[in-house]
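Novice: Would you mind keeping the following structure in view while I ask a few things?
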Amino acid sequence: MGFLRNAWYVAAWSQELSDNPLSQKIIGEFVVLYRKSDGEAVALADMCPHRFAPLHKGKVIEDQIQCPYHGLRFDPRGKCQHNPFDPKVKPSSAQVRTYPVVERDKIIWIWMGDIDQVNKDLIPDYSWINDEKYTFTSFASMTQSLDYRLIIDNLMDLSHAQFLHPTTLGNEAMAMGGTTDEQKEREVVSRRLNVDGEAPTLFTIGGAAHKGDRVDFWNDMRWDAPSCYYLQVGITPTGRPRDEGHFIQSAHLLTPLDEGRTIYRYLLGRTFAHGIDEITTGMAAVVAKAFIEEDEPMITAVQERMAGREFWDMRPVILKSDRAAVMVRRAMDALLAREKA
Amino acid sequence: MGFLRNAWYVAAWSQELSDNPLSQKIIGEFVVLYRKSDGEAVALADMCPHRFAPLHKGKVIEDQIQCPYHGLRFDPRGKCQHNPFDPKVKPSSAQVRTYPVVERDKIIWIWMGDIDQVNKDLIPDYSWINDEKYTFTSFASMTQSLDYRLIIDNLMDLSHAQFLHPTTLGNEAMAMGGTTDEQKEREVVSRRLNVDGEAPTLFTIGGAAHKGDRVDFWNDMRWDAPSCYYLQVGITPTGRPRDEGHFIQSAHLLTPLDEGRTIYRYLLGRTFAHGIDEITTGMAAVVAKAFIEEDEPMITAVQERMAGREFWDMRPVILKSDRAAVMVRRAMDALLAREKA
Amino acid sequence: MGFLRNAWYVAAWSQELSDNPLSQKIIGEFVVLYRKSDGEAVALADMCPHRFAPLHKGKVIEDQIQCPYHGLRFDPRGKCQHNPFDPKVKPSSAQVRTYPVVERDKIIWIWMGDIDQVNKDLIPDYSWINDEKYTFTSFASMTQSLDYRLIIDNLMDLSHAQFLHPTTLGNEAMAMGGTTDEQKEREVVSRRLNVDGEAPTLFTIGGAAHKGDRVDFWNDMRWDAPSCYYLQVGITPTGRPRDEGHFIQSAHLLTPLDEGRTIYRYLLGRTFAHGIDEITTGMAAVVAKAFIEEDEPMITAVQERMAGREFWDMRPVILKSDRAAVMVRRAMDALLAREKA
């Protein structure tokens, strides 16, 4: 399938990273991450160039990572600085690949492509994660045996929530919601308004509405290439302006491990029921149920039916509600074609 | 390997099917089956043409199946009749493939090939399943990780029972039994007579003979393309005519899920010990033991040794007792060659 | 990858073999071994030429093995001697391949190549296994999901013990140990001396030294093509001659099952703490811990990172300490190239 290389992927939540090496496969490559003594995050190929051992099983000694197999040590620039077999001769060919890393918005971002094309302006904006006006769930992460593109398809068309998540995330007005969609080179923005439906459970359990209340329910989303997805869902009493309502922001950060597996990290921040732990826990449980018991089995069955065939080759029927998801597929196809050329 | 497509496969026992959708992979294709409100069985591709979701996870609403992912509804002819995103516009390209289905002899038969070549005369005869003069075991089904052709080989040469099932199905006279075999285009019939051996356990547990009794033991079988196998086994005191003895009819209905997995459905009907549940249960247990503990591990080991190679490419030694099994392989090769041409 | 065929592999420890057939996959081939009534070991292909059944599931009757599926019997030369379907006609094409076998030094050796190239002089010398001056651990065997060449690499460079087995087999002087290495056509000998380090646990638990004692620690090893490895490790007080110290001999006998799995058989014989069972048990436990908890996960991770690529294609950094391992790889490459030609 081919992954976009000149792009920022999420390597970890900030809180996952310490001076204890962290192993993470990303678009098929083995990567090890750790923090230097000054706190800065670094990323190297998780494979010693000598006998291909996993560096993450080694120790970090004075900001250098020591191979657990034969003891070679590499500095944060990937250069061999210690050779236990001959301390005077550091093998000059023993160079480990390094990856540019940026820590921002409590996320460790990693650049998987050419060093000379690194562009920090391409890091998507998740600055709201730093905003104390929200009450957040804990930083979540799950590994799914799924092609990340099918998860993106799923997220880009929330109308499915009416059918797949009727008791949790969706309401019966969703299929008929109208959207406005905009595509840029590396970004798709889609704003959906579902008019006059029942308040979804995700809001009623937090007291933002009562069960049975009629609401306008908005879903504003943004996809950033290659695989980050931001969502704001909110409700307001039918016909009333948004600022009389409540909303939840969420980050859905996908990191393809390889062609068949994806790490899905997510976080929710809400504008209501602040500081009430039971509501935080309940909301996280509702979301986890929808993701794990409803979305994942559905996408797994889709993937099984596609049986390795490409999406467009299967000539899918395209509906009005597919517009944003198709925009993402077109944007990715264009980016991949440009990268290859 | 290639499957015969213009052929009837067993999709289910009648009793497996209700208005609750049933998912069944058949020769590599995902199929969903359900009954309409008038009881008629229908079969469609188990894949929505929109986003390739598994239709069998959806609901049947007024004889139409609703996709569980985005709510499109398809009628028994596979035509989209409801589009929740735009009720006035039913997507004209949203057509699901359908499969001809016939319900007969408590079996749901499905035609996997060209619609214009459907031929109900090719459905094998299992009318004895409707005959009240037999006492039947319950409708059984098991999934085996086996190439269905090796199961057919196993069934077509029952002489193996002397060695593989000595305490259950076979007796010591089997290897020397004589057969008469006949091959037609889509049918092989083989009649075996094993003279003057001890009555097999399958008969003694039902009181059709006593342990140690000497009997003539007949095995009359019929294979119908592509993968149905009918068997009558009977005993009579050595040298006596068959109508002084007892027999058991059985159906062995194989449905290849894909190249490596097969559903094996079977049913036994006997002429003796009528209405005694413990004997029915005991007989089913004897057969299940032979199939699951003896045949399946043996065929698994054979398959492992073949390691994906074709049977004839391995230049097998052919014995007299292989005649019927070889006829089946030849008949299938001819049918497949014709279908390809 | 290709295996060397004209070579002796270890099929079993002598004590594993009886008149009960033993199944063993070797370099991708199914083999069955058993002892005749006179005790002699024989090896045949573990696949009946009729229907490819596993012969090892059958019985040995008068030194012949009877197929468990249809009862054909084969003698130790692989010739069909009994055909239950027609006792007068033994199918002449029913010939099972046999393998030359030699039992020596409590090991069953098998020749996997051309019969006319069998050469008993190529069987490596493990006569010390018969020597009563050693106290032995029990005959051990484990199956690892590893390419056997990576296990050989591991064994041929013991300097890794300093980093991977610091609390069991290695000491801190190993990386700097000096070696002399010699390569012959089918043999590599390497003698390593690690000067003035702490006595390794493997010796202190047996009382050959006290914890903290300074010792010279030698590791003399021999690899024999394709996959047998002999090791003598010993300690003597720093600067003293070897005969004032103690040593442990060990056999490490690798049998590739196929490209991804290897059976690792091993045995240790020591010159000290004779006849003390607790020390034998403790020593075996130390070695098993190092092999199973340290070596195997490390090599598994290396193999995962190699992802099916060939060692040289990955352009490994070569260190001084790799010399003997590289000699083995070169010797094997030469032997394989010659065999192909």
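Novice: Could you pull out every Cys in chain A that lacks a partner Cys with its beta carbon under 4.7 Å away?
Specialist: Unpaired cysteines in chain A: A:C80, A:C228.
Novice: Further question on the same structure: Suppose a student asked you for the relative contact order of the stretch B:8-122, using Cα pairs under 8 Å spaced at least 6 residues apart; what percent would you report?
Specialist: Once normalised by length, the contact order is 25 percent.
Novice: Between the stretch A:45-75 and the stretch A:171-246, what's the alpha-carbon centroid distance in Å?
Specialist: Going from one Cα centre to the other spans 48 Å.
Novice: Taking the Cα centre of chain A as origin and charging only Cβ (+1 Lys, Arg; -1 Asp, Glu), how large is the dipole, in debye to the nearest 20?
Specialist: 880 debye
Novice: Sequence neighbours fewer than 8 away in the same chain don't count; with that in mind, list the lysines whose C-alpha is under 27 Å from B:K340.
Specialist: Here the lysines satisfying the reach criterion relative to B:K340 are B:K25, B:K120, B:K184.
Novice: Can you list the lysines whose alpha carbon is less than 23 Å from that of A:K133, not counting same-chain residues fewer than 8 positions off?
Specialist: Leaving aside lysines fewer than 8 places away in the same chain, those within reach of A:K133 are A:K106.
Novice: Then there's this: From the square roots a ≥ b ≥ c of the eigenvalues of the alpha-carbon gyration tensor of the protein assembly as shown, which class results: rounded (a/c under 1.5), prolate (a/b over b/c), or oblate?
Specialist: oblate
Novice: Still on this structure, I have one more. Using a/c under 1.5 as the rounded threshold, could you call the stretch B:270-341 rounded, prolate or oblate? The axes a ≥ b ≥ c are square roots of the C-alpha gyration tensor eigenvalues, and prolate needs a/b larger than b/c, oblate otherwise.
Specialist: Since a/c reaches 1.5 and a/b is larger than b/c, the shape of the stretch B:270-341 is classed as prolate.
Novice: Same structure again: Residues of A:179-189, mean number of Cβ from any other protein chain within 10 Å of their own Cβ, rounded to a whole number?
Specialist: The per-residue average across the peptide is 0.
Novice: Still on this model: Tell me the relative contact order for chain A as a rounded percent, counting alpha carbon contacts under 8 Å between residues six or more apart.
Specialist: 17 percent
Novice: For the pair B:A288 and C:D243, how long in nm is the line joining their label points, each one 7 Å along Cα→Cβ?
Specialist: Rounded to a tenth, the inter-label distance reads 7.3 nm.
Novice: Here's something else I'd like to know. Measuring from label point to label point, each 7 Å out along Cα→Cβ, what is the B:Q15 to C:K90 span in nm?
Specialist: 5.2 nm
Novice: Name the shape class, rounded, prolate or oblate, that the alpha-carbon gyration tensor gives for chain C, where a ≥ b ≥ c are the square roots of its eigenvalues, rounded holds for a/c under 1.5, and otherwise prolate holds if a/b is larger than b/c and oblate otherwise.
Specialist: Because a/c hits 1.5 or more and a/b exceeds b/c, chain C counts as prolate.
Novice: So if I place +1 on the C-beta of Lys and Arg and -1 on the C-beta of Asp and Glu, and nothing else carries charge, what would the dipole magnitude of the protein assembly as shown be about its Cα centre? I want it in debye, nearest 20.
Specialist: In total the dipole reaches around 1380 debye.
Novice: Show that you can apply the helix-only estimate: for chain A, add -39,500 (n - 2.57) for every DSSP H stretch of four or more residues, divide by all residues, and state [θ] at 222 nm to the nearest 500.
Specialist: -5000 deg cm²/dmol
Novice: Quick one: with label points 7 Å out along Cα→Cβ, list the inter-copy distances for B:D114 in nm, shortest first?
Specialist: 5.4, 5.4
Novice: For label points placed 7 Å from Cα toward Cβ, what is the shortest-first list of nm distances from A:V89 to its copies?
Specialist: Result, one decimal in nm: 7.3, 7.3.
Novice: Moving on. Kindly give the distances from B:A334 to its copy-mates, label point to label point, with each label point 7 Å from Cα along Cα→Cβ, as nm values to one decimal ordered shortest first.
Specialist: List, nearest first: 6.0, 6.0 nm.
Novice: If I model a spin label as a point 7 Å beyond the Cα along the Cα-Cβ vector, how far apart are those points for A:R309 and A:V102 in nm?
Specialist: So the two model labels end up 4.0 nm from each other.
Novice: For the peptides B:272-282, A:240-250, what is the packing order when you average, over each peptide's residues, the other Cβ atoms within 10 Å and list the highest mean first?
Specialist: Listed from highest to lowest mean packing, they are A:240-250, B:272-282.
Novice: Right, next: Quick one: which residues, 5+ away or cross-chain, put their amide H under 5 Å from the amide H of A:D46? H built at 1.01 Å from N.
Specialist: Counting only residues 5 or more places away or on other chains, the set is A:F30, A:V31, A:V32.
Novice: Any idea what the relative contact order of the stretch B:180-321 is, in percent, if you count C-alpha pairs under 8 Å spaced at least 6 apart?
Specialist: Here the relative contact order equals 16 percent.
Every number here is computed from the coordinates shown, using simple stated rules; none is lab data. Treat the numbers as computed from the prediction; the structure is a model and nothing was measured. A quick note on method: Cβ atoms are made from the backbone with ideal geometry, for glycine too, and the neighbour counts reach across all protein chains shown.
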